[in-house]
Amino acid sequence: MKINCDLGESFGSWCKGQDELVMPLIDQANIACGFHAGDPQIMENTVKLAIENNVEIGAHPGYPDLIGFGRRPYACDLLELRSILLYQIGALQAMCSSSGTKVSYVKPHGALYHSMMKNEEVMKCILQTLSSLPFDLSLMVQASTEYCKHIDIASRLGVKLIFEAFADRSYVDHNNLAGRDIPNAVKHDSDEIFLNIKNMKENRQVVSISGEIIDMKMDTICLHGDNESSLLALDKFHRAGL
């Protein structure tokens, strides 16, 4: 079971997250590509930090929404979405190529991620965009009870899926993430987050707010680097050798 984190989300003089502390503790870095966060220098520095820590690099493209941090809905057709994706993935791939590495996968950010999970046409557009590129890219998606359907869609386009669960977010029943307006949607208890990581790794389960135990296929666990409690839980998990 791998650990992934969204990183490189600072830009200009605005700083977000604790990338240098997080990077040694994870396996996969989802690097912002400049549309919802990040800038060219931040992107290149984050790539170099990932290389120094032997961390796999993923592109983390979002809608063009710096002010809203890519968390607001964005109305665009599928042709524009394809261009938005190619622009961001291409930029990060150039940074990687210059440093002798590559982008291995793509994980959409924020509103784009949620749109992908709710709208099959959006997911297909993302998969078709990845399959059109001359290098292999996997797509990171939310682990769900519909994973067989998602695998079927992706396999027809020759794209491998990586299923992720969120250790520092709450779930409601039927494996949906709790909206950020719900109390404790983002967890701030490091012990609770640590136990979630442990349960996900050992049992491939998440527990909803109501106590429902949900078994699911998962390959990687996401934590958010701007959450101090997540960093504490991740450090504890790392020190425990789990």
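Consider segment 88-104 and keep the residues that are aliphatic (A, V, I, L, M) and within 11 Å of Leu137 (Cα to Cα). The one that is surrounded by the most Cβ atoms within 10 Å (Cβ to Cβ) is Val103.
Under the condition of being within 16 Å of Gly70 (Cα to Cα) and of a type in the set (D, E, K, R), the residues counted in segment 1-26 number 3. Please verify whether segment 33-49 includes one or more residues that are open to solvent by 30 Å² or more (accessible area, probe 1.4 Å), of a type in the set (Ser, Thr, Tyr) and without any contact (Cβ under 8 Å) to a residue 40 or more places away in the chain. Within segment 33-49 (the criterion being open to solvent by 30 Å² or more (accessible area, probe 1.4 Å), of a type in the set (Ser, Thr, Tyr) and without any contact (Cβ under 8 Å) to a residue 40 or more places away in the chain), the answer is no, since none of the residues qualifies.
For segment 148-163, the candidate set comprises residues that are within 22 Å of Met1 (Cα to Cα) and of a type in the set (A, V, I, L, M, F, W, C); within that set, the residue that is farthest from the chain's Cα centre (by Cα) is Cys148. Cβ separations smaller than 9 Å between residues 6+ apart or across chains give the following pairs from segment 68-96 residues that are over 18 Å from Pro134 (Cα atoms) to residues that are of a type in the set (Asp, Glu) and in a helix (DSSP H, G or I): Leu78/Glu121.
Looking at Ile209, is it under 21 Å from Lys118 (Cβ atoms), assigned to a loop (DSSP other than H, G, I, E, B), free of Cβ contacts under 8 Å to residues at least 60 places away in the same chain and open to solvent by less than 80 Å² (accessible area, probe 1.4 Å)? It is false that Ile209 is under 21 Å from Lys118 (Cβ atoms), assigned to a loop (DSSP other than H, G, I, E, B), free of Cβ contacts under 8 Å to residues at least 60 places away in the same chain and open to solvent by less than 80 Å² (accessible area, probe 1.4 Å). On the stretch given as segment 164-223, residues that are under 17 Å from the mean Cα position of the chain (by Cα) and of a type in the set (Ser, Thr, Tyr) total 3.
Every test in (1) within 29 Å of Ser131 (Cβ to Cβ); (2) open to solvent by less than 40 Å² (accessible area, probe 1.4 Å); (3) assigned to a helix (DSSP H, G or I) is passed by Ala165 save one, and that test is (3). Within segment 59-87, the set of residues being among the β-branched types (Val, Ile, Thr) and surrounded by 15 or more Cβ atoms within 10 Å (Cβ to Cβ) comprises just one member, Ile84. Beta carbons closer than 7 Å, at least 6 apart along the sequence or on distinct chains, pair a first residue in segment 141-169 that is farther than 28 Å from Arg180 by Cβ and of a type in the set (Val, Ile, Thr) with a second that is at pLDDT 95 or above and assigned to a strand (DSSP E or B) for Ile151/Leu161; Val159/Ser138; Val159/Leu139.
When you scan segment 96-122, how many residues do you find that are aromatic (Phe, Trp, Tyr) and outside any helix (DSSP H, G or I)? Residues meeting the conditions: 1.
Table: residues versus (1) closer than 20 Å to Asn227 by Cα; (2) modelled with pLDDT under 85; (3) open to solvent by 70 Å² or more (accessible area, probe 1.4 Å).
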| position | (1), (2), (3) |
| --- | --- |
| Asp173 | no, yes, no |
| Ala178 | yes, yes, no |
| Asp181 | yes, yes, yes |
| Asn184 | yes, yes, yes |
| Asp189 | yes, no, yes |
| Phe194 | yes, no, no |
| Met200 | yes, no, no |
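Taken together, the criteria place Asp226 among residues that are within 22 Å of Asp27 (Cβ to Cβ), assigned to a loop (DSSP other than H, G, I, E, B) and open to solvent by 10 Å² or more (accessible area, probe 1.4 Å). Just one of the listed residues (Tyr105, Tyr87) is over 22 Å from Asp152 (Cβ atoms) and aromatic (Phe, Trp, Tyr), and it is Tyr87.
The values are calculated or read from the model by the stated rules, or taken from the named source; none is laboratory data. All values derive from a computational prediction rather than experimental measurement. Positions of Cβ are backbone-derived with ideal geometry, glycine not excepted, and every protein chain shown enters the neighbour counts. Ligands, DNA and RNA are excluded from the accessible area calculation, which covers all protein heavy atoms including side chains. Shrake-Rupley method; radii C 1.70, N 1.55, O 1.52, S 1.80 Å.
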